There are 2 protein chains.
Amino acid sequence: MSALQFDPPSPDKDALEGGESFTPRFDANGLVTAVVTDAGDGKLLMVAHMNAEALALTLETGVAHYWSRSRKALWKKGETSGNVQEVVSMLTVCDQDAVWLRVNVLGHDATCHTGRRSCFYRTVGLKDGKAILADDGSAPLFDASATYRKPS
Amino acid sequence: MSALQFDPPSPDKDALEGGESFTPRFDANGLVTAVVTDAGDGKLLMVAHMNAEALALTLETGVAHYWSRSRKALWKKGETSGNVQEVVSMLTVCDQDAVWLRVNVLGHDATCHTGRRSCFYRTVGLKDGKAILADDGSAPLFDASATYRKPS
């Protein structure tokens, strides 16, 4: 457990948007949105969620932690794959319900569980009145199926 | 109303993550997360949410529409301020519960309702065991208080 606690958000809009206290506005599930970009070239890598514990651990250790909504568990990014994220800076959005992490990715420099560098690898377009996806051709940087293989 | 409809997400993970059909995974509130960056320099501008109607309108018109959770209404970004977002490209995340919009911002080239270019203008740090914010000094690009003044 982290010792770092967050004060509740101020009801005063000016304090929330212009003050010096970081008081994250967690949603009904106790989460804020986290947008993650590469600190080097600014590439958008992923979007995830953090609860208070993940936020506190990230601030205290300098390594990105999230809350896995699918596994309902604290998630130290890269623990299995080695693709740990060193946090260069964290910013908050005006009304403090989201954060932006600028990170250096260790390991394979890959963030997506498919093995690709970024989770955003397909463009959305319209064709014959349907929304379709086009792969941008980014190749996997590690063997995700072997890395995440469940023990038999 | 938009004519564009989205098929339900495939239960097959490979189809969802590697297929050509855009089948957004809306959350319990019917929303996906939208991350918005400047198509020119890649600057992270805002994080918002889209329902099916906002997604469809954005794809059909090429102008960013969102769902305002606070106002519970469809929200054409920039309708009041003039800071309309022209969408250069839209990408989806691996499991299709978020999208990334690369946009050109018209008007004042400002996205934040505080008048700043980006909603991310404060860095989060630790000081004496407390999480504190430091303003990055970005100045308002328009007079937000006058622009958003409610009619008396």
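Just so it is clear, none of the values below were taken in a lab; they were calculated from the coordinates. This is a predicted model, so every value here is computed, not measured. Positions of Cβ are backbone-derived with ideal geometry, glycine not excepted, and every protein chain shown enters the neighbour counts.
If you place +1 on the Cβ of every Lys and Arg, -1 on the Cβ of every Asp and Glu, and leave all else neutral, what size is the dipole of the protein assembly as shown about its Cα centre, to the nearest 20 Debye?
360
Which one of A:S70, A:P9, A:V93 is farthest out on the positive end of the charge dipole of chain A, using unit charges on Cβ (Lys, Arg +1; Asp, Glu -1) and the Cα centre as origin?
With unit charges placed on the Cβ atoms, the residue in question is A:S70.
What shape does the protein assembly as shown take by its C-alpha gyration tensor, where a ≥ b ≥ c are the square roots of the eigenvalues and a/c under 1.5 counts as rounded, a/b above b/c as prolate, and the rest as oblate?
Since a/c reaches 1.5 but b/c is at least a/b, the shape of the protein assembly as shown is classed as oblate.
Just to be sure I understand the model, the point goes 7 Å from the Cα along the line to the Cβ. What's the resulting A:S70 to B:E53 distance in nm?
3.1
Name the residue, out of A:K127, A:K13, A:K43, whose mean-square fluctuation peaks in a Gaussian network model built on chain A with Cα pairs under 10 Å.
Top of the fluctuation ranking is A:K127.
Tell me the net charge near B:A131. Cut-off is 12 Å between Cβ atoms, B:A131 excluded, with +1 for each Lys or Arg and -1 for each Asp or Glu.
Result for the local shell: -1.
Report, in degrees rounded to the nearest 10, the 0 to 90 angle that the Cα long axis of helix B:52-61 makes with the longest principal axis of chain B.
With both axes taken from Cα atoms, the answer is about 80 degrees.
To one decimal place, what Kirkwood hydrodynamic radius in Å is obtained for the range A:6-141 from all pairs of distinct Cα atoms?
Kirkwood radius, the range A:6-141: 16.2 Å.
What's the average, rounded to a whole number, of partner chain beta-carbon atoms within 10 Å of each residue's beta-carbon in A:125-136?
Shielding by partners across A:125-136 averages 5.
Quick one: putting +1 on the C-beta of Lys and Arg, -1 on the C-beta of Asp and Glu, what dipole do you get for chain A around its Cα centre, in Debye to the nearest 20?
Approximately 860 debye in magnitude.
On the principal axes of its Cα set, how long, how wide and how thick is the range A:64-152? Give whole Å, largest value first.
46, 42, 25
Using only helices, what value at 222 nm comes out for the protein assembly as shown when you add -39,500 (n - 2.57) per DSSP H run of length 4 or more and divide by the total residues, to the nearest 500 deg cm²/dmol?
-3000 deg cm²/dmol
Search the structure for amide H atoms under 5 Å from the amide H of B:D97, placed 1.01 Å from N in the peptide plane, and list their residues when 5 or more places away or on another chain.
Under 5 Å from the amide H of B:D97 lie the amide H atoms of B:R25, each far enough along the sequence or on another chain.
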